[in-house]
């Protein structure tokens, strides 16, 4: 509805008359306010790998035990006869299919013909990708495997068996090398020292004495914004601005004094904030092993429009499709730590 009686636009009958004979000054851009930025999913998509068809579309051979046994020997150089030792198993995953249907009603095109400020079909096509990305990001952080048609999200991929007793078709109890270090009750605000302890636990494993880790550091971390704020605050208090060697201070440089961080680095691991990540939870993962697999023929692909005349309707229907799965080939290289306290922003 037009706004009358404010600014240079009069109210009353004069304002009503003007609106009947005056066009609106539309800005020919559609500003999208319905979604959130998804940095974690963006990183996963940028690092995605290709999957093909078939049953168990992503099958990863994993060595979880020794294939040979080293023996000590003396001057004679003798050794016991080697025995066959199974140490390789497959973890298998099926792709999950996401479909965003798009309807294009015939009269819509007639109404907007030559008079469209924003062609609605253009907005719908753009929204199909945005809506799919929002759905993926939600599944990435919230899917616990209860719905087999969705991705198995981070709660499944980085888990000790609490959310997903089996992973890739194998029992996490029988095969403990499928377990990730998990702590559910941190009970304090995120600080450099606590996050460094989490990183060390991923390195050392769920139980260093009985169930040692892989000895590899994670290379990526993500947490909620308020949780990240506490961690960043542990750095901000220690910031200092010094005079440069040439006598100039930072505030005299072209870019001015730099303060704050896009990513907070702890022990060489950058920690990012994501609005979709549950507050109080920190995920640490290794992108060498945890990756998003996308089918090579369905990466946000559009089917094309097809007539709905067969349903006695003038119009068209199409769909954007993506088939993929989140796969963690080495869960011991990742960790999940929750129960961090966080402020109200």
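Quick check on region 319-328. Is at least one of its residues on the phi < 0 side of the Ramachandran plot, surrounded by 14 or more Cβ atoms within 10 Å (Cβ to Cβ) and assigned to a loop (DSSP other than H, G, I, E, B)? Within region 319-328, not a single residue is on the phi < 0 side of the Ramachandran plot, surrounded by 14 or more Cβ atoms within 10 Å (Cβ to Cβ) and assigned to a loop (DSSP other than H, G, I, E, B). Exactly one residue out of 107, 101, 82 is surrounded by fewer than 17 Cβ atoms within 10 Å (Cβ to Cβ) and either closer than 30 Å to residue 277 by Cβ or in contact with a helix residue (DSSP H, G or I) (Cβ under 6 Å, 6 or more places away or on another chain) (or both): that is 101. Of all residues in region 41-55, those that are surrounded by fewer than 16 Cβ atoms within 10 Å (Cβ to Cβ) and touching a residue at least 60 places away in the same chain (Cβ under 8 Å) total 6. If a residue has to be assigned to a strand (DSSP E or B) and crowded, with 16+ Cβ neighbours inside 10 Å to count, how many in region 289-318 make the cut? Looking only at that region, the number is 10.
Does residue 13 satisfy the condition of being at pLDDT 85 or above and either at negative phi or surrounded by fewer than 14 Cβ atoms within 10 Å (Cβ to Cβ) (or both)? Considered against the rule, which asks whether it is at pLDDT 85 or above and either at negative phi or surrounded by fewer than 14 Cβ atoms within 10 Å (Cβ to Cβ) (or both), residue 13 comes out as yes.
Among the residues of region 68-108, those that are part of a loop (DSSP other than H, G, I, E, B) and touching a residue at least 24 places away in the same chain (Cβ under 8 Å) comprise 87, 94, 95.
Filtering region 261-275 to residues that are free of Cβ contacts under 8 Å to residues at least 12 places away in the same chain and loosely packed, with under 14 Cβ neighbours inside 10 Å leaves 262, 265. Kindly check whether there is at least one residue in region 128-147 that is over 26 Å from residue 42 (Cβ atoms) and crowded, with 16+ Cβ neighbours inside 10 Å. The answer is no; no qualifying residue exists.
The values are calculated or read from the model by the stated rules, or taken from the named source; none is laboratory data. Given the structure is predicted, the values throughout are model-derived calculations rather than measurements. Here the Cβ is made from the backbone with ideal geometry for all residues, glycine too, and neighbour counts use every protein chain on show.
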